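Only one structure is covered here, and it is reproduced in the block below.
The values are calculated or read from the model by the stated rules, or taken from the named source; none is laboratory data. Everything numeric here is computed off the predicted structure, so don't read it as measured data. As a convention, Cβ positions derive from the backbone with ideal geometry for all residues, glycine included, and neighbour counts pool all protein chains shown.
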Amino acid sequence: MSRMATYASEEGLARDPDAPKPEEIVAQLHSILASPVFLGSKRCHQFLDYVCRKSMAGEAGALKERAIAIEVFGRHPDTAGQGEDTIVRVGAREVRKRLAQFYVTPEGAASTVLIELPPGSYVPEFRYAAIARLQNAAPAAVPEVHLHQPEARPDRRPRGLAVAGICLAATVAAAFAVGRSNMAAPPEAAFQRFWAPVFQSQEPLLIGIGHPIVYQPSRRATLLNAQRLPPTPFPTQQKVELPAEDLDGSDMVPVMNQFVGFGDMVAANEVSQMLARRSRAVRLLLASSIPFAELRLAQTYLIGSLSNQWTMQLAQNWRFQFAWGVDHIAMIKDTQPGSARQWTIPVKEDGSTPDDYSMICRIRNSPTGALLLISAGIKQFGTEAAGRLLTEPSQLGAILNRLPKGWEDKNLQIVLHMRVIGNAPAQPEVVASHVW
């Protein structure tokens with residue numbers, strides 16, 4: 001019988017004497033997470049680190065789907081654990097795949113400790129590699145059985161039974177083929193279909209990034225502020241701390257087309273790197289500098305919502321739209337007749353928020369005449385999360401597989417929600433979608 005060890009804390013049950021020591025497991029975990037295989041996926045890195053440390057702390061019983069959805073993927077406790085939520089299962093499959101890839105690298109093959117995530121479980125198992133090789137090399141003994149071979153006799157079964165057997169076999173085969181055709185495609189296949197027009201094109205993808213208006217203090221306000229503050233080696237980092245009566249509207253100078261948002265930058269970087277790995281080029285421009293005539297000549301990816309003029313103009317007739325609500329609060333609204341759905345977020349004076357919403361659009365029949373992709377959030381957090389999602393085959397593919405059949409030949413919009421933890425977006429979850 002194979003010996004697998006799941007670790008408890010020192011205060012817990014005694015561990016298997018043939019299993020690796022905790023310090024050996026920690027060292028192996030560090031090697032795996034630092035390898036190129038896991039450095040390429042933040043979520044897989046977090047997943048494996050979380051389940052290993054929980055198991056070693058004697059909390060393997062807490063490694064349930066709902067807990068992992070909340071702790072690793074940032075799911076809201078009210079939505080985590082729903083029956084249709086496959087994010088944890090997809091994440092586990094991706095971790096298993098990357099572990100297998102690691103152990104065929106020279107570094108992995110030389111490892112003395114194995115860390116495995118068995119199919120159907122979120123509890124990792126730890127073994128010495130030498131013991132595992134012995135167990136795998138020693139097949140179970142099979143008792144020798146001598147069979148008496150009867151004399152060959154002519155087959156006297158009625159011919160009708162043979163024909164019925166053939167028909168039954170054909171029926172079973174046909175049913176199996178139909179069942180296979182109705183199964184959802186692997187997430188990676190759906191990801192490939194989403195990006196297929198871009199992957200197959202020899203022309204670079206045009207990326208139009210948002211162009212927010214940034215306000216900075218006037219020269220007068222800057223000098224007046226400097227006189228009131230103590231000297232600093234980094235004067236550009238000084239805050240404006242003048243009383244209100246010393247400032248007026250003319251002291252806030254708008255700066256156009258010189259800055260980009262952090263979320264926009266992350267989205268552009270993630271997609272550019274993903275395409276570079278597939279030997280596909282991009283052209284990166286501020287959306288404000290792209291004439292409409294150029295949009296008609298290229299497949300385009302627009303980043304940003306209210307800060308991107310083309311996102312706002314081209315989406316005017318789509319079901320889900322970015323808009324300004326009451327008290328000039330930004331939102332995503334459902335324009336379907338009879339629908340009152342809208343998604344807004346609480347934003348503090350400093351721009352922070354505990355939540356954000358974003359939208360991914362893939363428009364085959366766009367006003368430009370070419371493929372149009374959009375990822376945009378109400379705030380920079382949503383834009384960042386949507387941009388990352390576009391480059392993650394397992395996560396994006398799992399979402400696409402829940403859309404109506406034939407989505408790849410139609411237009412689609414997906415509305416996403418994500419929590420903001422430590423000024424960074426958690427894994428997004430779908431709140432609405434539309435395919436037409």
(request) Would you check if there is a residue in the range 70-78 being among the acidic types (D, E), out of contact with any strand residue (DSSP E or B) (no Cβ under 7 Å at 6 or more places or on another chain), within 16 Å of Q46 (Cβ to Cβ) and modelled with pLDDT under 90? (result) yes
(request) With the condition kept exactly as written, say whether any residue in the range 97-112 is more than 23 Å from E65 (Cα to Cα), modelled with pLDDT under 90, in the same structural domain as E65 (by TED's automatic domain parsing) and among the acidic types (D, E). (result) yes
(request) Out of the residues in the range 388-408 that are assigned to a helix (DSSP H, G or I), among the hydrophobic types (A, V, I, L, M, F, W, C) and within 26 Å of F47 (Cα to Cα), state the one that is farthest from the chain's Cα centre (by Cα). (result) L400
(message) Could you check the range 102-133 and list, in sequence order, the residues that are surrounded by fewer than 14 Cβ atoms within 10 Å (Cβ to Cβ) and either closer than 30 Å to T86 by Cβ or among the aromatic types (F, W, Y) (or both)?
(response) V104, T105, P118, P119, G120
(message) Could you check the range 356-379 and list, in sequence order, the residues that are assigned to a strand (DSSP E or B) and among the small types (G, A, S)?
(response) S358, S375, A376, G377
(request) Select from the range 39-52 the residues that are farther than 14 Å from Q427 by Cα and touching a residue at least 24 places away in the same chain (Cβ under 8 Å) and list them in ascending order. (result) L48, V51, C52
(message) For the range 38-64, which positions are closer than 14 Å to R96 by Cβ and either touching a His at 6+ places or on another chain (Cβ under 8 Å) or not assigned by TED's automatic domain parsing to the domain that holds F102 (or both)?
(response) F38
(request) Quickly run through the range 397-415 and pick out the residues that are touching a Lys or Arg at 6+ places or on another chain (Cβ under 7 Å) and buried (at least 21 other Cβ atoms within 10 Å of the Cβ). (result) Q413
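Here's the yes/no breakdown for (1) surrounded by fewer than 14 Cβ atoms within 10 Å (Cβ to Cβ); (2) outside the structural domain of P197 (by TED's automatic domain parsing); (3) closer than 24 Å to F191 by Cα; (4) touching a residue at least 60 places away in the same chain (Cβ under 8 Å):
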{"position": "T335", "(1), (2), (3), (4)": "no, no, no, no"}
{"position": "S339", "(1), (2), (3), (4)": "yes, no, no, no"}
{"position": "N365", "(1), (2), (3), (4)": "yes, no, yes, no"}
{"position": "L371", "(1), (2), (3), (4)": "no, no, yes, yes"}
{"position": "I374", "(1), (2), (3), (4)": "no, no, yes, yes"}
{"position": "K379", "(1), (2), (3), (4)": "no, no, no, yes"}
{"position": "L390", "(1), (2), (3), (4)": "no, no, yes, yes"}
{"position": "H417", "(1), (2), (3), (4)": "no, no, yes, yes"}
{"position": "Q427", "(1), (2), (3), (4)": "no, no, yes, yes"}
(message) Testing V435 on (1) more than 27 Å from A190 (Cβ to Cβ); (2) surrounded by fewer than 18 Cβ atoms within 10 Å (Cβ to Cβ), one condition comes back false. Which one is that?
(response) (1)
(request) Would you check if T353 is within 21 Å of D264 (Cα to Cα), part of a loop (DSSP other than H, G, I, E, B), in contact (Cβ under 8 Å) with a residue 24 or more places away in the chain and touching an Asp or Glu at 6+ places or on another chain (Cβ under 8 Å)? (result) no
